[in-house]
């Protein structure tokens, strides 16, 4: 029987969609991160459950031929990447298989093959947003990086490959400012210290950069020195913002922002539209892949200019607005008031006058639209990772749209929802996975469903 701290030989036979390899011992599945199919290892058992166990690699005895040398020295400790030890081609195969397995095993789809996953032209440097926690280790040394996997332990990382070089350089400027002027940093356990996070955004089309410092207070000491250093370092820094978060919470951003340099927003173009991006605005992280994703969703929607389009979970309106000029009317629904205000501003910014935005819970809004006899031709849904509530699905079915375009960030909850839609008369016509977040475990999927005639 396996016990904690046992060291056992294992050969990795499978890899999960979340990036852990699977070996088998004593009739149990053993999950080991940062391994590849074909690896032969000695594994140290970390935790034993009833029918499975977790372990870490103690010794790599014989590497798999599909393994590659990680090009980031922090990847084994940082919680950002899970596939850095594999080629990008192997990663795409894993994500493709995860979507297929979920939709057949959970969703019950038969005789079904999704289109090949749409990969990223460059799997590095794609993130237009980063949020770096700031703290100190037990020796008092400054840490700025990312949280380790499933923890709030900061892993220092001075050269993250997922984000543009500008972010790494600007982060170095902030680190040097903290050290030179002895700026206090936040201690999560004691709820003391000033600087909590460094948060940066970039408009990939415009090149504009926002630097936002999240603080446990409403002022920054040596503010002018920081502004001078950031703006001297990069002329594209158009906005420097202080976000005030005094709460005892894991939520990164507080509700109050104060602009200390330049504008309170940066701008970017996406799918031919212009968007203002503030610290609290929702905006997709991978610009180029978002254009591919939205283009695919628009193709599945097949709008001709005569249709009523409803965009549930619309956020700041980006996906619906990208289709609005091909629809007769767009109705967007989102529960977050700030996002609805952003959506209205974005419609005005792009001279879109056929859009209406409703601040409401998706299920309640769908029910109200159904009760007032709204009959959409196409419904687009882009729910959070947990998928749609049954009440949302049922309300959509009551409105009887001809088409439903489902944009999902979780294959398993997507598969569950597709099974419910099928029971209500909506069958899957086409499926395409899209890799929005290379080197991570996440994969997006776009599905086109049609109702019974």
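For the reader, a short list of remarks on this structure follows.
- Debye-sum result for segment 226-330 in log10 I(q)/I(0), which assumes one identical scatterer on each alpha carbon, at q = 0.18, 0.19, 0.21, 0.24 Å⁻¹: -0.96, -1.01, -1.11, -1.27
- Spin-label pair residue 288-residue 364: with each label point 7 Å from Cα along the Cα-Cβ axis, the two points sit 4.2 nm from one another.
- Added length on full extension, which subtracts the Cα-Cα distance from 0.36 nm per residue, residue 351 to residue 427: 23.8 nm
- Extent along principal axes [Cα atoms of segment 48-98; Å; largest to smallest]: 35, 27, 25
- Applying the Kirkwood pairwise sum to the alpha-carbon positions of segment 396-445 produces a hydrodynamic radius of 12.1 angstrom.
- Normalised by the number of residues in the chain, the mean separation of alpha-carbon contacts (under 8 Å, six or more apart) gives a relative contact order of 12 percent.
- Per-residue Cβ neighbour counts within 10 Å put 69, 429 in the sequence 69, 429, beginning with the fewest.
- For residue 153 and residue 1, the difference between the fully extended length at 0.36 nm per residue and the C-alpha to C-alpha distance is 51.6 nm.
- Sorted fewest first by neighbouring Cβ atoms within 10 angstrom, 372, 153 come out as 372, 153.
- Taking the Cα atoms of segment 270-366, the ratio Rg/Rh between the radius of gyration and the Kirkwood radius comes to 0.93.
- Solution diffusion estimate, µm²/s, Stokes-Einstein, segment 337-453, Kirkwood Rh from C-alpha pairs, 25 °C, viscosity 0.890 mPa s: 159
- Within the chain, percent of DSSP bridges classed antiparallel, to nearest 5: 70
- For segment 68-205: Kirkwood Rh in Å [reciprocal of mean 1/r, alpha carbons]: 17.5
- Directionally averaged shadow of segment 130-191, computed from the convex hull of its alpha-carbon atoms, nm²: 4.6
- Gain in span if fully extended, residue 236 to residue 40, counting 0.36 nm per residue against the direct Cα distance: 65.7 nm
- For semi-axes √(5λ) of the Cα gyration tensor in Å, computed directly from the structure shown, the correct entry in (1) 36, 33, 19; (2) 33, 26, 21; (3) 55, 31, 18 is (1).
- Mean residue ellipticity, 222 nm, helices only, the chain: the sum of -39500 (n - 2.57) across DSSP H runs of n ≥ 4, divided by residue count and rounded to 500, is -8000 deg cm²/dmol.
- Two-decimal log10 I(q)/I(0) for segment 1-128, as the Debye equation yields it once each C-alpha is a single scatterer, q = 0.09, 0.11, 0.14, 0.19 Å⁻¹: -0.30, -0.45, -0.70, -1.11
- Projected onto its three principal axes, the C-alpha set of segment 88-152 covers 59, 28, 20 Å, listed from the longest axis down.
- Relative contact order %, segment 129-266, counting alpha carbon pairs below 8 Å whose residues are six or more apart: 19
- Residue 191-residue 50 pseudo-label distance in nm [points 7 Å out on the Cα-to-Cβ vector]: 3.8
- Label point distance in nm, residue 24-residue 400, each placed 7 Å from Cα along Cα→Cβ: 5.1
- Kirkwood-Stokes translational diffusion coefficient of segment 129-266, alpha-carbon pairs, 4 °C, 1.567 mPa s, µm²/s: 86
- Estimated FRET transfer efficiency when R0 is 51 angstrom, pair residue 259-residue 73 (beta carbons, to 0.05): 0.90
- Distance histogram in 10 Å bins (all Cα pairs of segment 7-67, percent per bin): 27, 61, 12, 0
Only the coordinates and a few stated rules stand behind these numbers; no lab work does. What you see is a predicted model, and the numbers here were worked out from it, not measured in a lab. Methodologically, a virtual Cβ is constructed for each residue, glycine included, from the backbone with ideal geometry; neighbour enumeration extends over all protein chains shown.
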